[in-house]
Structure formats: C-alpha cells, structure tokens
C-alpha cells in the first residue's frame, strides 16, 4: 500500500479522531519502530504513542486502546504469534491496524486493516524497508493531524537517506575489517546510544550480537551511562558508541570524552561524520537509526566472517519449541 | 509534604487541567519511577505519561510539556546536575514540578514547586521511600482526574507492602547466601522481568551489579527474550528471573519453562511465592517492584560480602570529573 493513501483512509475511517499510535512487535521489528515512537513523544502536542513488545501489549493492554487508536504491527516472517494476537486484541477493541511483513502469506495480514508488504535485502532502497515505512507513516499521520512544520524537509530526507547510506557503507568498508580483526575474540560488547538511536543500540545488542553471534551484549543509554553503568569501564571492556546527529548528540559526546580517558576498546560510529548532515538539521536526527542499522550491518558481517559464525546460525529460534 | 495535599494543590493551580505526568531522573532514581509510568500507560484513559533520563528530557524536551503537565523529579543526593536542569526547563515552560530527595539542602528543591524529603535505610517503612511515594502520587493524581475504581485497594496495598517485605526478607535470608556461594565468582548476569518489574530488572543490572559490584550485566524483557536474546542461553550463563504477580506473569512463566530446559544457572525471585498475593489482585502487580527492590537488596548484599567488594566502592562516581 501507499503511505499517503493509508493516512487518508485511517483518518476518514475514524472521522478524524486519531489520538493514539501504538507500535507493537517483537525483537528486531520492535527495534525498527523505536524512532517513530521517539518522534511522536518528542514532536506531538496532541497525538500520543506507545511502544510495546507484543506479548506485554496482549496481556497488559493499555486502557486507551480503542477507536481513536491506530496500531502499527510488524513481523518479518509474518507469523510471530504474539504480534498476530496483538492485532486481534487491537481490532476487537475497535482500533485500526496497519500490518507490515515481508511475507505475502503472513497471518499478520489477516488482522491488519491496512498492509505493507515491504522489500528486504541489500539491493533495496532503504525507504522501502520497514523502519522507513513506519517512520513515514507516523510522521505523515502526525502531519495530517497536527501539521508538521518540517514535513517538506522530512520528505526530502526520505529521498536522500539511501544515497547517504550508500556512501557511508563505502566509508566504513575498511574500518569494519579493522574492527573485526581487533575485536573478533571479544565475548561481550556494550552499545551506547541516545535519543532516536537508543533503539538501535538495543537492536544491535539483542539481534546482531546476542541472536546472530551468541555474544554477550547490552545497550546502555548514553545519558544513563554516568549513573551506574560507567563503573564497569576499564581498558579491557569493549564499547561501541553510536554518536547521533541532532539534539541528543551532547549526551553521546559526553560519553565519548569519558571513554577516551578511561577505556581503550572503543569503536565510535558517528552519523555526522558518515554524512547524515546532508539532510536538513530540522529533521536529520530522525534518520540516525536508518543509517546506523545499515552501517552496523557491515560491522556485524565483518565480525561474523572473522568469527566464522554465519549470521543465520541459530540454536533455538525456529528450531525448538518455546 | 503530604501526597493528598500535593494532589489537591497541583490540580487547583492548573485549574483541573492535568494532562501529562513526566517522570524524570537518572539511574536508580529513574528506575524507581518505572512502575508509576507503567501504571499511567496501562490504566489511564485520559492522562498520559513519559519516562525520561534527565539529560534526554533537557535536550529533546517533549513539545507537550507545559502548564497542563506535572514533572516528578528525584535525586537521592539532590544535586544531580541533569535532574536539576530538567526541573528548570520544566518550570520555564510552565509545568508544575514535584521534587524528591533525601537531602534537605538539595539544589533540586530550588526548582521544585512541591518537595518530598523522603526517608531512607533498612529501618524505614517502604511506603516512605521514593518508589512508593512516586507511585502513590501518580495513582492519586490519576484518581483525582479519572476516578480509579481500585483506589481503595491501592491504599490498602500501600499499608500492607511493608509487612509483605519484612516476611519476604526472612524467607530469602538463607537462599541469598546459597545464591552468593553458588554465583560469587560469576562475571556476568542477565536479569529478566516484565510489566511493572522491567524497571527493576534494569535497575538491578545497572545499579546493583554494574555500579556497586563492577560486574557485567544486562536486563532483558521476558517478552523480548524469545526474539533474540535467548540465543545466548547455555548451561554456563547466569540468569536472574523476576517472576511478577499480575497480568504479565505469563511472560515470565514462559521464560522460566525455557530456562528450566536450557540453562542451569537460574535464580528465580517470585513475588507470588514471596507473599505479594496477600495484596488485592486488582492492584498487586503495581507493588511487585517495591518488593523486588527490597528482596534483591538482600541478594546484592550477600553477593558483596562473598565477593569482598563493599556496595559503596566506586572508581569514577563522585571521584573523577565527568
């Protein structure tokens, strides 16, 4: 489907009374929704949003959920039982549902009023991947309800981000090998990030490292780092710092100053240095995670190769009952 | 100050137009606010809430913040610069601020319209500690705005929780020693939890283990566990599972079934078994984290003792500039 068409139909169907947007999924799909939730929480004066792992949404359903709500659901394979169930719960309570999947036979589509079958893979334009579609849907719903003053800049960013990423990937081609050589034998990584990018600090930790590499990992919010977590910092512990372009950059910069002094195993991935500042300052921060996902995928590929642990190796997921 | 008096004055001052409650702090104080935010997100049909590490609130201030908002701030020592700054930002935008601290000379009090100087220490009744005060404030504000059908049950719970905890502490007195003996040489722990208790999975990880014991640690949401993190599960990796009483218990139970089969180093801390079910089912889930904090403090004390690493040892916090 088409974003602008869905926005029109959603608002028509609930007679212009859109109050809540819920983002509901599991694991990597939930990670992809983080920035859209951040956008609403930061920019909206009327709309509210919630970001839920699907099973919590099913069991402790927010009492606001109803005909004034739209629920965005995403499942790559399309049959994640908790996410399908969340769609059922949402529809039963009168909410409109928008489902995204890469699988055209997805069960999720049966509980979705509107559906997006998205593209996937290295050769696709990132604007057709779920993270960008969900962000676009959200910003466009917000624009329809509240009139977003930077909507034109945002649309321009959507068109530019794929080119930014292509260049950034070339820029890191060599450094990801250096990274993999240097850290290929480490068993744990801390991933720091803030603002729109905290979701991907979490995502790189749980999907790329824990799930795909069976490595220990944890996300730390750059702002929270100084209130507990930094006590584990030493010259032996590896940190990956996501430096975001935008309002929360000061938090990441503060973490960098500290890490420069007390840690030695630090990899900085800086979206500004990687070209995100070619997108208008008014909206560039919301594109950080789209850039980080693609760039960090290069890091994980290099790591997988040197560790001889292919990215699709699983011991439990899809293999045993749970 | 007194909760009911503050609730009255807040509503009087903004002429009954309370729309947003923001919870803003850092580290352990932020952890203490998690359940209050969870309460609003789950129970309210009108009120909305936000949970922010203070520096993110300062740099990416939500556009909703204004005269219809109340901002609850907490700093144990009272002078956390980011939290004080957040109070300034909130007041400047016309929001009312409620500040909690254990320090009667706290700078935070200068940016707080209402203040709570709370009690602290093993001998205090937990209802006078910040987590319970913040929850009580929140539930009482909600009750004043929307009429909470279980408010009487909640008030009853506030009076009962200290007794529940006293008994639970005795119940775990021996098992925390067994735990410390068994796991005293581990270098990493994963803490699982869901619903109202996810904040304390995070808190035990960043405060008790990382900050106070310099141990590696990460919180994992019990619902998210199956969507990536569980791939690190093996017989060598230690997990602490917080089993909550209430609606999200099914998520924790599912994690337990999996851990029982594939892990061997698993410590289950179960609020139901520890007596939380003596509080009415209608509200008991909101008391989980108050119980978990006190019980987990027994665990960390036993761990500190066996590791000969006192809980107040720091290498950076309050010792070097950052």
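The values are calculated or read from the model by the stated rules, or taken from the named source; none is laboratory data. Note that this is a predicted model, so its numbers are computed, not measured. Backbone-built Cβ (ideal geometry, glycine too); neighbour counts: all protein chains shown.
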(request) Determine if the range A:24-34 includes at least one residue that is in contact with a strand residue (DSSP E or B) (Cβ under 9 Å, 6 or more places away or on another chain), without any contact (Cβ under 8 Å) to a residue 60 or more places away in the chain, farther than 23 Å from residue A:5 by Cβ and away from chain B (no Cβ under 13 Å). (result) no
(request) Of all residues in the range B:77-91, count the ones that are assigned to a loop (DSSP other than H, G, I, E, B) and in contact with a strand residue (DSSP E or B) (Cβ under 7 Å, 6 or more places away or on another chain). (result) 1
(request) Return yes or no: is residue A:251 within 14 Å of residue A:195 (Cβ to Cβ), surrounded by 24 or more Cβ atoms within 10 Å (Cβ to Cβ) and touching a strand residue (DSSP E or B) at 6+ places or on another chain (Cβ under 7 Å)? (result) no
(request) Mind listing just one residue for me: the one in the range B:19-33 that is crowded, with 23+ Cβ neighbours inside 10 Å and not in a strand (DSSP E or B) and, of those, farthest from the chain's Cα centre (by Cα)? (result) B:26
(message) Looking at (1) surrounded by fewer than 19 Cβ atoms within 10 Å (Cβ to Cβ); (2) within 14 Å of another protein chain (Cβ to nearest Cβ); (3) under 24 Å from residue B:40 (Cβ atoms), which one does residue A:79 not meet, given that it meets all the others?
(response) (3)
(request) Specify the residue that is nearest to residue A:37 (Cα to Cα); the eligible residues are those in the range B:35-70 that are in contact with a strand residue (DSSP E or B) (Cβ under 7 Å, 6 or more places away or on another chain), within 9 Å of chain A (Cβ to nearest Cβ) and assigned to a loop (DSSP other than H, G, I, E, B). (result) B:62
(request) Give the range A:210-231 a look and list any residue that's closer than 22 Å to residue B:75 by Cα and over 18 Å from the mean Cα position of the chain (by Cα), or say none. (result) A:223, A:224, A:225, A:226, A:227, A:228, A:229, A:230, A:231
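Conditions (1) at pLDDT 95 or above; (2) within 27 Å of residue B:39 (Cβ to Cβ); (3) crowded, with 22+ Cβ neighbours inside 10 Å; (4) not assigned by TED's automatic domain parsing to the domain that holds residue B:276, marked per residue:
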{"position": "B:183", "(1), (2), (3), (4)": "yes, no, no, no"}
{"position": "B:197", "(1), (2), (3), (4)": "yes, yes, yes, no"}
{"position": "B:204", "(1), (2), (3), (4)": "yes, yes, yes, no"}
{"position": "B:211", "(1), (2), (3), (4)": "yes, yes, yes, no"}
{"position": "B:218", "(1), (2), (3), (4)": "yes, yes, yes, no"}
{"position": "B:228", "(1), (2), (3), (4)": "yes, no, yes, no"}
{"position": "B:238", "(1), (2), (3), (4)": "yes, no, no, no"}
{"position": "B:243", "(1), (2), (3), (4)": "yes, yes, yes, no"}
(request) Within the range B:308-322, count every residue that is in contact (Cβ under 8 Å) with a residue 60 or more places away in the chain and under 13 Å from residue B:208 (Cα atoms). (result) 5
(message) Here's a check for you: in the range B:182-228, which residue that is farther than 26 Å from residue A:233 by Cα and touching a residue at least 40 places away in the same chain (Cβ under 8 Å) is farthest from the other protein chains (Cβ to nearest Cβ)?
(response) B:197
(request) Could you grab the pairs with beta carbons closer than 6 Å, sequence gap of 6+ or different chains, first residue in the range B:229-248 and away from every other protein chain (no Cβ under 11 Å), second one part of a loop (DSSP other than H, G, I, E, B) and surrounded by 22 or more Cβ atoms within 10 Å (Cβ to Cβ)? (result) B:245/B:271
(request) Quick one: count up the residues across the range B:95-129 that are part of a helix (DSSP H, G or I) and either surrounded by 24 or more Cβ atoms within 10 Å (Cβ to Cβ) or free of Cβ contacts under 8 Å to residues at least 40 places away in the same chain (or both). (result) 7
(request) State all residues of the range B:269-288 that are more than 14 Å from chain A (Cβ to nearest Cβ) and touching a helix residue (DSSP H, G or I) at 6+ places or on another chain (Cβ under 7 Å); if no residue qualifies, say none. (result) B:269, B:271, B:274, B:275, B:276, B:277, B:278, B:279, B:280, B:287
